[in-house]
Protein chains: 2
Amino acid sequence: MGSNLSSPLVAIVGATGAVGVEMIRCLEERNFPLSGLRLLASPRSTGRKLKFRDREIEVEPLTEQSFKGVDIALFSASGTVSRQFAPIVVKEGAIVVDNSSAFRMDADTPLVVPEINAGEIARHKGIIANPNCAAIISITPLWPVHQRNPIKRLIVATYQAASGAGAAAMEELRASTEAYLQGREYKNTVLPHPYAFNLFSHNTKIDPVTGYNDEEMKVIEETKKIFGDPDIRVSATCVRVPVLRAHSVAVTFECERPIAAAEVRELMKTAPGVKLVDDWANNYFPMPKDASGQDDILVGRIRQDLSDPSGKSVTLFSAGDQLLKGAALNAVQIAEKLVKVPALA
Amino acid sequence: MGSNLSSPLVAIVGATGAVGVEMIRCLEERNFPLSGLRLLASPRSTGRKLKFRDREIEVEPLTEQSFKGVDIALFSASGTVSRQFAPIVVKEGAIVVDNSSAFRMDADTPLVVPEINAGEIARHKGIIANPNCAAIISITPLWPVHQRNPIKRLIVATYQAASGAGAAAMEELRASTEAYLQGREYKNTVLPHPYAFNLFSHNTKIDPVTGYNDEEMKVIEETKKIFGDPDIRVSATCVRVPVLRAHSVAVTFECERPIAAAEVRELMKTAPGVKLVDDWANNYFPMPKDASGQDDILVGRIRQDLSDPSGKSVTLFSAGDQLLKGAALNAVQIAEKLVKVPALA
């Protein structure tokens, strides 16, 4: 393939979305070594100008011709858009980092959290998938634990922000809350339920056999794939809470052998992509307001699971920026690895 | 004792608080057979008038003389107030239903959810404790399951509303959210962390040995006492979310023997105090906005726990009005049982 991976031309598909905007910011802040940046979006955003470094870049409409000369394309649009356009990008000889769920579970597609399985990137066949945000935030802190003392069972309850449903959902949370406070009616159009001071089960389809929703099945299946461990047993309850942009998760895990909460706390101090926030005396723990805008996933409330007398289970609470580590940052980190680790194909 | 339990004189301590106001409403709506109602509060509420049935009742200051002639006193103030005044009430020959945590774990004090252990009321020695709100909402739906197939392990993650911290916390959530939307600064004074579009670990003291906070330990210990089963193994993560008045809980439980989600769903259809809200096709499940103002605890998302291959574990999601079933309603239900079941003492 002819792609230039030392100073690539990068395209962002969905550049005006909540994640797209953060991708631009990550590329800028991390000094990504690119030779050019092409911003692609749906026709209604065409002509908008977005700042990148010292210049403004005009948003172009996404077409099949959009990828000429592109080396790396970061997709953050719908699964439908990814399924339609990613193969075109690959045919052009470029590499796709896809934030949709379209290819995540394909055997040929690496599903990568760089802190966990960066090595997987090398086996890509043109597409690398960025995992589900709730999965990334739940499992990134657990990887050092899993390497030390394999995690056999994982139970996750999420507290997911509006940002996971896009910029329009964030605006719906703001606008509906304002209406509520002013005693005005508000008709929700983005999310299926009223959002002001309310929470609801994640708005994805329920599997008619298992009763789990799509989001929960992503956390379950993607954990197994990213950890490279099909035997890890996972359960998840995914809930949308009235928070703007950072996801939180209550996580209980059981290891193969007994493990002390203190050992997990020590591991968190050096875990990549993780910041320990576990101040018992001041009751200061991970919060979405602190995680927002931060690269690191905040981890705290680390304690022995009192319901497991074997001493093998620990419970903790994490918060991570859904738009950054949960999406844009993780995708840009993958792209950074590509720049250093050219494809083998 | 001289108390009249067929048509009692009832006193409410903390009558102007978020729970006190709901106690008055419950007594009225449920046509509680009382001969009189005395409203007691701290001096700063003295003279306020609150409506009950067709008249207005003036709030009196709480003093040691407040309980002359009272038959049943519903306490919803601090643990300190309960510890100071409840013994005085008992000495007067009246019965206290106490919503604070002051006496809950005393061996002599019944801790009652009427749907679960109404029989405990008969052994009271003047004080009956109303359980923690998160405990009530988590375990009331589980009682019919526990009777059919004993629950051995319970893992709870809560999504707790502002109301649990009182009317001032509800106002802080409203006011701080308004300030956030208007771009104004807001200094939180009631809760320890900014609340607008944020969530945080429950604001109670952390046990320096276990790392659990007081709220979590209440859920853990009170579950054992209410179920009358010291061996049930419980773990809880208690989180305050930006919701006004209904608590939600993600619950995973393991039974002695395998149990199908379908069997749990059937049990929920007739469980007292519970309403099944589990509409997979329309993605409609328990939500705080629907639970607010409702007596019943809403239960849904009932499904097999995929992390337990033994088939003994089920996971579900509930929402219940913290001020009603979580506090005022449960206390009034206990008082109703007293009217029918005079004390044995």
Query raised in the report: Quick check: is even one residue across the stretch B:160-173 within 7 Å of another protein chain (Cβ to nearest Cβ) and touching a Phe, Trp or Tyr at 6+ places or on another chain (Cβ under 9 Å)?
Result: no
Query - Selected residue (only one of A:A129, A:A165, A:A169, A:A134 is of a type in the set (A, V, I, L, M, F, W, C), open to solvent by 10 Å² or more (accessible area, probe 1.4 Å) and either at pLDDT 95 or above or within 24 Å of A:P242 (Cβ to Cβ) (or both)) - result: A:A165
Query - Search result, residues across the stretch B:189-208 that are under 24 Å from A:E178 (Cα atoms) and within 10 Å of chain A (Cβ to nearest Cβ) - result: B:P192, B:H193, B:P194, B:Y195, B:A196, B:F197, B:N198, B:L199, B:F200
Query raised in the report: Of everything in the stretch A:320-345 that's of a type in the set (G, A, S) and under 12 Å from the mean Cα position of the chain (by Cα), which residue is nearest to the other protein chains (Cβ to nearest Cβ)?
Result: A:G320
Query raised in the report: From the set of residues in the stretch A:309-324 that are among the hydrophobic types (A, V, I, L, M, F, W, C) and outside any strand (DSSP E or B), which is surrounded by the fewest Cβ atoms within 10 Å (Cβ to Cβ)?
Result: A:L324
**Report entry** Which numbered condition B:R30 fails, given (1) out of contact with any strand residue (DSSP E or B) (no Cβ under 9 Å at 6 or more places or on another chain); (2) surrounded by fewer than 23 Cβ atoms within 10 Å (Cβ to Cβ); (3) closer than 14 Å to B:G166 by Cβ
**Finding:** (3)
Report summary line: Of the conditions (1) at pLDDT below 95; (2) part of a strand (DSSP E or B), the single one that B:V339 does not satisfy is (2)
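Could you grab me the full set of residues in the stretch A:137-156 that are open to solvent by 10 Å² or more (accessible area, probe 1.4 Å) and either within 13 Å of another protein chain (Cβ to nearest Cβ) or without any contact (Cβ under 8 Å) to a residue 24 or more places away in the chain (or both)?
Of the residues in the stretch A:137-156, the ones open to solvent by 10 Å² or more (accessible area, probe 1.4 Å) are A:143-144, A:146-148, A:150, A:152-153, A:155.
Result: A:Q147, A:K152, A:R153, A:I155.
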**Report entry** Odd one out for A:L306 among (1) touching a helix residue (DSSP H, G or I) at 6+ places or on another chain (Cβ under 8 Å); (2) within 13 Å of chain B (Cβ to nearest Cβ); (3) open to solvent by 10 Å² or more (accessible area, probe 1.4 Å); (4) not in a loop (DSSP other than H, G, I, E, B)
**Finding:** (4)
Query raised in the report: Right, A:F227: aromatic (F, W, Y), within 11 Å of another protein chain (Cβ to nearest Cβ) and either crowded, with 18+ Cβ neighbours inside 10 Å or in contact with a helix residue (DSSP H, G or I) (Cβ under 8 Å, 6 or more places away or on another chain) (or both) or not?
Result: no
Requested in this report: Return only the number of the condition from (1) within 14 Å of chain A (Cβ to nearest Cβ); (2) open to solvent by 20 Å² or more (accessible area, probe 1.4 Å) that B:A179 does not satisfy.
Outcome: (2)
Report task. Considering only the stretch B:83-115, state which residues are closer than 15 Å to B:I334 by Cβ and among the polar types (S, T, N, Q). Result -> B:N99, B:S100, B:T109
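Would you check if there is a residue in the stretch A:263-282 being in a strand (DSSP E or B) and either in contact (Cβ under 8 Å) with a residue 60 or more places away in the chain or open to solvent by less than 10 Å² (accessible area, probe 1.4 Å) (or both)?
Residues of the stretch A:263-282 in a strand (DSSP E or B): A:274-276, A:279.
If we keep only those that are either in contact (Cβ under 8 Å) with a residue 60 or more places away in the chain or open to solvent by less than 10 Å² (accessible area, probe 1.4 Å) (or both) as well, we get A:274.
Looking through the stretch A:263-282, at least one residue is in a strand (DSSP E or B) and either in contact (Cβ under 8 Å) with a residue 60 or more places away in the chain or open to solvent by less than 10 Å² (accessible area, probe 1.4 Å) (or both).
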Query raised in the report: B:Y186 versus (1) more than 9 Å from chain A (Cβ to nearest Cβ); (2) open to solvent by 10 Å² or more (accessible area, probe 1.4 Å); (3) in a strand (DSSP E or B): which is the lone unmet condition?
Result: (3)
Report task. Would you be able to say whether some residue in the stretch B:209-217 is within 20 Å of A:K289 (Cβ to Cβ), of a type in the set (F, W, Y), under 23 Å from the mean Cα position of the chain (by Cα) and facing another protein chain (nearest Cβ under 7 Å)? Result -> no
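Quick check on my filter: what residues within the stretch A:290-303 are among the aliphatic types (A, V, I, L, M) and more than 14 Å from chain B (Cβ to nearest Cβ)?
The one that is among the aliphatic types (A, V, I, L, M) and more than 14 Å from chain B (Cβ to nearest Cβ): A:I297.
The values are calculated or read from the model by the stated rules, or taken from the named source; none is laboratory data. Here the structure is a predicted model, which is why all the values come from computation and not from measurement. Note: ideal-geometry Cβ built from the backbone for every residue, glycine included; neighbour counts use all protein chains shown. Heavy atoms of the whole protein, side chains included, go into the accessibility calculation; ligands, DNA and RNA do not. Shrake-Rupley method; radii C 1.70, N 1.55, O 1.52, S 1.80 Å.
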